[in-house]
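Written out below as structure tokens is the structure these notes cover.
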Amino acid sequence: MAVLLSGRGSNYLALQDAVDDGRVPAEVVLVLSNQPGAQGLERAKERGVATKVVPHRGEPSRAAHERKVLAALEEAKVDWVCLAGYMRLLGRDFVEHYTERILNIHPSLLPSFPGLHVHEQVIEHGARVSGCTVHLVDAGLDSGPIVVQRSVSVLDDDTPETLAARVLEQEHLAYPEALVRLLGEPWRVEGRRIVFG
Ligand code: GAR
């Protein structure tokens, strides 16, 4: 599989750990970023994993950028694409190329609080529970069938930073858990639902 990221790469590391210790029966063959300076690229290099930068800046359109990303994924012959803090919306052509083979992790309990500045929105809204969601990617924003969710309580004195840190701990458990299920069990998509078994 390939991991696509734009930043820090802590979810990538959690996945890499789960692959390396045999929990997730897969291999990460490529870590790709649209951001040349992404810390996640360095983390991948330290783990001996191939990396590639495909900058979106300078491309005439989103489609043009995505064609280059797709070419890199095809060259690496990946079966699965894991988005881990990849801050780009994917177009229909991309998503259809890997139908039901692209995963994303989002730091809220979807369908609540899609998009950006999630933890600020959660606190401002007064939600008592938040969490994270691993889902299959479709052409919508943070939509697509849900594989795993993990929850945390929102505390009265939470700031976006403290809440983000507690949610991130759960993200690092949820992403491997989702892959263990998807790679290890039969499943199908029925409407919005993933049905296992
Ligand atoms: C994670 O919290 C992830 O859920 C979020 O970006 C962070 C990346 O952290 N993704 C999104 O908001 C996507 N909509 P990481 O680079 O340390 O994995």
Give the accessible area for I105 in Å² (nearest 10); use a 1.4 Å probe, count only protein heavy atoms, and leave out ligands, DNA and RNA. 10
Return one number: the angle in degrees, 0 to 90 and rounded to the nearest 10, between the long axis of the Cα atoms of helix 62-75 and the longest principal axis of the Cα atoms of the chain. 70
Calculate the dipole size of the chain relative to its Cα centre from +1 charges on Lys and Arg beta carbons and -1 charges on Asp and Glu beta carbons; express the result in debye to the nearest 20. 460
In the stretch 1-49, taking the dipole from +1 charges on Lys and Arg beta carbons and -1 charges on Asp and Glu beta carbons about the Cα centre, the listed residue (P25, A2, Q39) farthest towards the positive end is Q39
Would you mind working out the accessible area per residue for the chain, using a 1.4 Å probe, and quoting it in Å²? 50
Angle in degrees between helix 10-20 and the longest Cα principal axis of the chain, rounded to the nearest 10: 70
Computed helical MRE - 222 nm, the chain, DSSP H runs ≥ 4 contributing -39500 (n - 2.57), nearest 500: -11500 deg cm²/dmol
Of I146, I102, which has the most accessible area and how do the rest follow, probe 1.4 Å? I146, I102
Degrees separating the helix 160-184 axis from the principal Cα axis of the chain, which is the longest one: 50
If you filter the stretch 1-66 for trypsin sites (Lys or Arg not before Pro), then keep DSSP loop positions with at most 16 other Cβ within 10 Å, what is left? R8, R23, R47, R57
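The values are calculated or read from the model by the stated rules, or taken from the named source; none is laboratory data. If you're wondering where the values come from, they're calculated on a predicted model, not measured in any experiment. Glycine gets a Cβ as well: all are built from the backbone with ideal geometry, and neighbour counts include every protein chain shown. These accessible areas exclude ligands, DNA and RNA; they are computed on the full protein's heavy atoms, side chains included. Shrake-Rupley method; radii C 1.70, N 1.55, O 1.52, S 1.80 Å.
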